[in-house]
Amino acid sequence: MTNKELADLIFPNITKTVEDYEKMYPERNLKEGAKVVRFAPSPTGFMHIGNMMSAVINYTLAKSSEGVFFLRNEDTDQARSVEGAVEFIHHILNYYHISPDEYEFEGKIIGNYGPYIQSERIEIYHAFIKHLIEIGRAYPCFLTSEELEEIREYQAKSKKRIGIYGRYAKYRYTSNDELAKKIKNGEKYVIRFRSEGDFNKKFVFEDLTQGKIEFPENDIDVPIMKSENLLPTYHFAHVVDDHLMRTTHVVRGNEWMSSVPLHYELFKAFGYKMPKYIHTSLILKKDEETGAIRKISKRKDPEALMFYYEDKGYPVLAVIDAVLTIANSNFEEWRTNNPDKPFYEFPFSPKKMSPSGALFDLDKLDNISKNYISKMAAKDLYQEYLDWALKHDEHVANLLKNYKEETIAFLNIERETKKPRKDYENYSSIFPKSWYMYDEEWNKDLTYEFGKVNNKEEIIKIMNEYLNNYYDINDTQEEWFNKIKTLAEEMGYASDMKAYKENPDKYKGNVADFTTVMRVVLTTKSMTPNLYDIMKILGKDRMLKRLEILKDNF
RNA sequence: GGCCAGUUGGUGAAGUGGCUUAACACACUGCCCUUUCACGGCAGCAUUCACGAGUUCGAAUCUCGUACUGGUCACCA
């Protein structure tokens with residue numbers, strides 16, 4: 001029996017050839033240097049920070065070269081597929097405004113190189129496998145999982161290399177007639193690639209991130225089609241899809257590095273040019289309990305999954321900047337020099353990626369985010385904050401709607417200056433630092449953070465005196481502060497810090513202690529933005545009301 | 001165990017043979033400014049680049065060895 005006959009026996013209904021597909025998906029007509037990249041997650045889990053990094057890098061590469069960024073759904077492992085994972089990927093890409101140019105979703109195919117879902121490409125893979133069988137580079141293998149296990153055990157025990165190669169690849173030496181007989185008997189099989197590599201020979205491969213690497217050639221007859229669902233394995237799908245979709249640059253995790261010899265041989269078997277590879281390093285994490293450095297874990301580290309950043313309310317662009325900072329450390333410098341440019345204009349350089357894994361640093365994200373939020377106009381911040389609250393905190397959303405102008409005024413305190421305040425790292429951290437601006441929030445158990453002056457009579461006396469005889473909402477900040485100093489002095493507090501420091505025993509306290517009293521009565525907190533502005537937003541009546549609340553709660 | 005890679009402060013890192021008594025950013029600490037906080041200013045934070053040997057007038061930078069860390073060795077991607 002010829003190879004051709006064997007191929008027809010296995011794939012009787014496949015009529016299209018490799019050449020047919022070659023014509024259906026011609027070279028893309030793009031300008032010189034344009035990069036065709038893809039984000040190709042498998043929906044076996046929810047999108048995590050590592051995926052995000054890959055997506056952002058891909059997007060940047062495509063945009064900056066006027067290329068194409070497409071999304072491919074690698075769903076060949078249907079047993080492990082997770083409900084909602086695909087939807088979440090689309091959601092995240094939209095949410096972060098890094099949408100692909102070509103994709104397939106909810107029955108719609110956008111782009112000429114689809115289908116973009118691997119399970120829908122099964123006929124294409126079969127045509128390519130059929131071709132390999134015809135030219136003698138693939139064969140059905142009937143090794144059972146027990147036999148496989150036996151081989152592995154034997155190899156491990158006798159310290160041989162593990163895998164199906166050489167004489168362990170039993171069915172590569174079986175005649176086509178016998179193979180055909182087994183197939184007709186209905187025996188289960190996988191299709192294996194017939195490797196021609198020599199483990200003792202080396203080849204040099206250039207990775208754009210890791211540089212030149214020398215590998216032994218692949219000599220393992222790896223499965224390219226699974227027995228159960230007849231779908232290809234990752235390795236085979238990668239070669240077929242990225243060739244047909246005309247991918248120029250493959251961005252993928254470092255865990256694929258050691259498969260390069262295999263992919264190299266697979267591409268060669270078809271006579272195709274290999275795409276360029278950017279193997280990105282893993283995102284690591286220091287385990288808080290053990291102190292050990294390990295791969296970031298979806299289980300232990302909430303920040304591993306992309307839900308986290310949305311729930312916490314980190315600004316979209318802050319997250320992207322943080323991701324790019326990990327990817328390319330010179331991004332930060334570029335960002336300081338180009339504060340207003342879109343992130344994808346950054347000249348991303350695979351070479352500058354660290355070859356070893358980077359620890360994901362939430363402190364750094366917080367810092368980037370604080371800077372970012374501090375530069376937003378108050379009304380824009382209000383809008384983003386509201387949008388976040390609408391989805392994540394109904395109570396806060398209602399307050400924001402009812403106190404729109406006040407909230408904007410509060411958020412604007414010390415904002416429109418050259419060096420604005422950096423209070424908030426995300427939207428969820430605003431409310432715990434601003435709840436006291438909303439009267440409704442004063443109906444709960446209160447903890448007043450009084451400091452040095454914490455005597456009830458004294459506090460009430462200060463407040464009464466100040467609110468009734470001194471406060472005027474129309475005062476400038478300077479007038480406001482002068483009045484406070486006058487009253488402080490009158491009541492036995494030093495208005496001049498130097499005088500106080502020289503002779504502290506002469507006074508009940510200083511003007512800082514004095515304003516702290518007012519601050520705490522009005523906000524319960526000892527640390528707030530500028531008191532003058534807060535008072536102006538509250539107005540005299542509400543301040544008096546808070547004094548009454550204090551009396552009941554002290 | 002085989003193969004591949006990595007190892008510069010608490011973190012991300014710059015650095016590709018002399019300009020490095022190791023940049024920058026984050027975090028942290030102290031002081032100053034100051035109505036608190038924040039901002040800002042100043043100062044501190046690796047006498048040294050995992051370790052050992054070698055090449056060299058000279059090494060974080062090149063070579064070799066050792067140790068450690070990570071990846072991979074599935075009909076998972």
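Looking at (1) away from RNA strand B (no atom under 16 Å from the Cβ); (2) over 25 Å from A:D101 (Cβ atoms), can you tell me which one A:L30 breaks?
It is condition (2) that A:L30 fails.
Report those helices (runs of 4 or more DSSP H) wholly inside segment A:84-190 carrying at least 2 residues which are among the aliphatic types (A, V, I, L, M) and under 26 Å from A:I14 (Cα atoms).
Hits in segment A:84-190: A:122-134, A:176-184.
Give me the residue from segment A:323-345 that is under 15 Å from A:D361 (Cα atoms) and part of a loop (DSSP other than H, G, I, E, B) and, out of that set, farthest from RNA strand B (Cβ to nearest atom).
Restricting to residues being under 15 Å from A:D361 (Cα atoms) and part of a loop (DSSP other than H, G, I, E, B), the top hit is A:N328.
Taking segment A:346-381 as the search range and keeping residues that are of a type in the set (K, R) and touching a residue at least 40 places away in the same chain (Cβ under 8 Å), which one is farthest from A:Q210 (Cα to Cα)?
Initially, segment A:346-381 is screened for residues of a type in the set (K, R), giving A:351-352, A:364, A:370, A:375, A:379.
From what is left, the residues that are touching a residue at least 40 places away in the same chain (Cβ under 8 Å) are A:351, A:364, A:370, A:375.
On the way: A:K351: 7, A:K364: 25, A:K370: 33, A:K375: 37 Å.
Ranking the qualifying residues of segment A:346-381, first place goes to A:K375.
What are the residues in segment A:212-262 that are acidic (D, E) and outside any strand (DSSP E or B), if any? If you could, list the steps in order and put the result at the bottom.
Just the residues of segment A:212-262 that are acidic (D, E), to begin with: A:214, A:217, A:219, A:221, A:228, A:241-242, A:255.
The answer is A:E217, A:D219, A:D221, A:E228, A:D241, A:D242, A:E255.
Going by what's in this entry, would A:E489 be described as within 12 Å of RNA strand B (Cβ to nearest atom) and either charged (D, E, K, R) or on the phi > 0 side of the Ramachandran plot (or both)?
In short, no.
The conditions are (1) assigned to a helix (DSSP H, G or I); (2) more than 16 Å from RNA strand B (Cβ to nearest atom), and A:L446 fails exactly one of them. Which is it?
(1)
Test of understanding: among A:Y139, A:Y96, which residue is among the aromatic types (F, W, Y), away from RNA strand B (no atom under 16 Å from the Cβ) and either over 17 Å from A:D241 (Cα atoms) or in contact with a Ser or Thr (Cβ under 8 Å, 6 or more places away or on another chain) (or both)? Full working, then the answer.
Numbers: A:Y139 fails: away from RNA strand B (no atom under 16 Å from the Cβ).
Within the list A:Y139, A:Y96, the selection yields A:Y96.
With (1) at pLDDT 95 or above; (2) within 30 Å of A:M257 (Cα to Cα); (3) not acidic (D, E) as the list, and A:K352 as the residue in question, which single condition is left unmet?
(1)
Might you check whether a residue that is modelled with pLDDT of 95 or more, in contact with a Ser or Thr (Cβ under 9 Å, 6 or more places away or on another chain), in a loop (DSSP other than H, G, I, E, B) and not charged (D, E, K, R) occurs anywhere in segment A:53-63?
no
I'd like the residue in segment A:365-407 that is of a type in the set (F, W, Y) and assigned to a helix (DSSP H, G or I) and, out of all such residues, is nearest to RNA strand B (Cβ to nearest atom).
Going residue by residue through segment A:365-407, those that are of a type in the set (F, W, Y) are A:372, A:382, A:385, A:388, A:403.
Adding the requirement that they be assigned to a helix (DSSP H, G or I) leaves A:372, A:382, A:385, A:388.
Values: A:Y372: 12, A:Y382: 19, A:Y385: 18, A:W388: 21 Å.
By that ranking, first place goes to A:Y372.
Only one residue in A:I430, A:I484, A:I473 is farther than 16 Å from A:M535 by Cβ and either away from RNA strand B (no atom under 12 Å from the Cβ) or in the same structural domain as A:E548 (by TED's automatic domain parsing) (or both). Which one?
Numbers: A:I484 fails: farther than 16 Å from A:M535 by Cβ; A:I473 fails: farther than 16 Å from A:M535 by Cβ.
Every option except A:I430 fails the conditions.
Residue pairs, Cβ under 7 Å, 6 or more apart or interchain, first in segment A:411-424 and more than 19 Å from A:Y314 (Cα to Cα), second among the polar types (S, T, N, Q). List them.
Matching pairs, first to second residue: A:I413/A:N530; A:E414/A:N530.
Applying the selection to segment A:214-234, what residues are closer than 16 Å to A:Y139 by Cβ, more than 7 Å from RNA strand B (Cβ to nearest atom) and of a type outside the set (V, I, T)?
A:D219, A:D221, A:M225, A:L230, A:P232, listed by residue number.
When A:L93 is evaluated against the numbered criteria (1) surrounded by 15 or more Cβ atoms within 10 Å (Cβ to Cβ); (2) within 15 Å of A:S42 (Cβ to Cβ), which criterion, by number, is the only one it fails?
With respect to (1) surrounded by 15 or more Cβ atoms within 10 Å (Cβ to Cβ); (2) within 15 Å of A:S42 (Cβ to Cβ), A:L93 is out only on (2).
Residue by residue, here is whether (1) within 18 Å of A:E449 (Cα to Cα); (2) without any contact (Cβ under 8 Å) to a residue 24 or more places away in the chain holds:
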| position | (1), (2) |
| --- | --- |
| A:A494 | no, yes |
| A:Y500 | no, yes |
| A:Y507 | no, yes |
| A:M518 | yes, no |
| A:K536 | no, no |
| A:L544 | no, no |
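If A:I413 passes every condition in (1) away from RNA strand B (no atom under 16 Å from the Cβ); (2) aliphatic (A, V, I, L, M); (3) modelled with pLDDT of 90 or more; (4) part of a loop (DSSP other than H, G, I, E, B) but one, which one does it miss?
(1)
Which one is farthest from RNA strand B (Cβ to nearest atom), of the residues in segment A:151-166 that are surrounded by 13 or more Cβ atoms within 10 Å (Cβ to Cβ) and hydrophobic (A, V, I, L, M, F, W, C)?
A:I151
For segment A:9-21, which residues satisfy the criterion of being touching a residue at least 40 places away in the same chain (Cβ under 8 Å) and either part of a helix (DSSP H, G or I) or among the aromatic types (F, W, Y) (or both)? Talk me through it step by step, then tell me what you get.
Filtering segment A:9-21 down to residues touching a residue at least 40 places away in the same chain (Cβ under 8 Å) leaves A:9-11, A:14, A:16-18, A:20-21.
Of everything in segment A:9-21, those that are touching a residue at least 40 places away in the same chain (Cβ under 8 Å) and either part of a helix (DSSP H, G or I) or among the aromatic types (F, W, Y) (or both) turn out to be A:L9, A:I10, A:F11, A:V18, A:D20, A:Y21.
If you go through segment A:382-410 one residue at a time, how many are buried (at least 16 other Cβ atoms within 10 Å of the Cβ) and free of Cβ contacts under 8 Å to residues at least 24 places away in the same chain?
Result for segment A:382-410: 3.
The values are calculated or read from the model by the stated rules, or taken from the named source; none is laboratory data. Since we're looking at a predicted model, the values are computed, not measured. All Cβ positions, even for glycine, are placed from backbone atoms using ideal geometry, and neighbour counts span all protein chains on display.
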